[in-house]
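Before any comments, here is the structure.
Values in this text are rule-based calculations from the coordinates and carry no lab data. Small disclaimer: the values here were computed from a predicted structure and weren't measured. Positions of Cβ are generated from backbone atoms using ideal geometry, with glycine treated the same way; all protein chains shown enter the neighbour counts.
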Amino acid sequence: MILYAFLPDQLCEQIIRIASVSSKTFSRFLSGQCTEAVILGTLFFLVMTLFGFPYALLCGVFIGFTALVPIFGSFLGCAVGAFLILMVAPERTIWFIIMFLVLQQVEGQLIYPHVVGNAVGLPSIWVLAAVSIGGSMFGIPGMLFFIPLSSVLYALLREVVYRRLGDKKLNPEEL
């Protein structure tokens, strides 16, 4: 109501459209992050159980929770898991770290870009670029916010491109 009271109607509609796209994108991003964390935690639990590591459930759950911070969060889970395993079975600690690095590569290169990218409507390569750029510019908060921000910008640009192609009577699928 405040927007419509003080701004022109056309500007209000643009602001509301952008806010709507942003709201949808950020909520999908959060659900994608949670889905990815559950997948990663379950993957760790299954592999650790398969290889007979101690504290498989605890490590899987902890790594899943710390994975909510993109790319680097699960390394905290690795440190805690390695410490726990070191206390009970020191000879398995190195194997746990190797297993973690392998699973982290699978997750970082395949699972994360696919799950989160599909959730926010952003191609996988753009997810990796957003995490890299956001992380290099603003650290962990940049990683968290650059994915949905990039997705909003991508959606708005896609709308403009499709509208302009429609104005020129061009079909985007044919180009």
* Cα-based convex hull, the chain, per residue volume (Å³, whole number) -> 140
* To do: Compute the length gained on full extension between CYS12 and PHE145: take 0.36 nm times their separation in residues and subtract their Cα-Cα distance, giving the result in nm to one decimal.
  => 45.4 nm
* To do: May I ask you to sort PHE75, PHE83 by Cβ crowding, counting other Cβ atoms within 10 Å and putting the fewest first?
  => PHE83, PHE75
* **Nearest 10 degrees, 0 to 90: helix 93-106 Cα axis against the chain principal axis** => 20
* Using the count of nearby Cβ atoms within 10 Å as a rough guide to exposure, how do MET87, MET48, MET99 rank from fewest to most? -> MET87, MET99, MET48
* **Residue exposure sequence - GLU107, GLU91 - by fewest surrounding Cβ within 10 Å** => GLU91, GLU107
* If you average the sequence gap of Cα pairs under 8 Å that are 6 or more apart and divide by the length of the chain, what percent do you get for the contact order? -> 20
* To the nearest 10 degrees, how steeply does helix 56-66 sit against the main Cα axis of the chain, on a 0 to 90 scale? -> 30
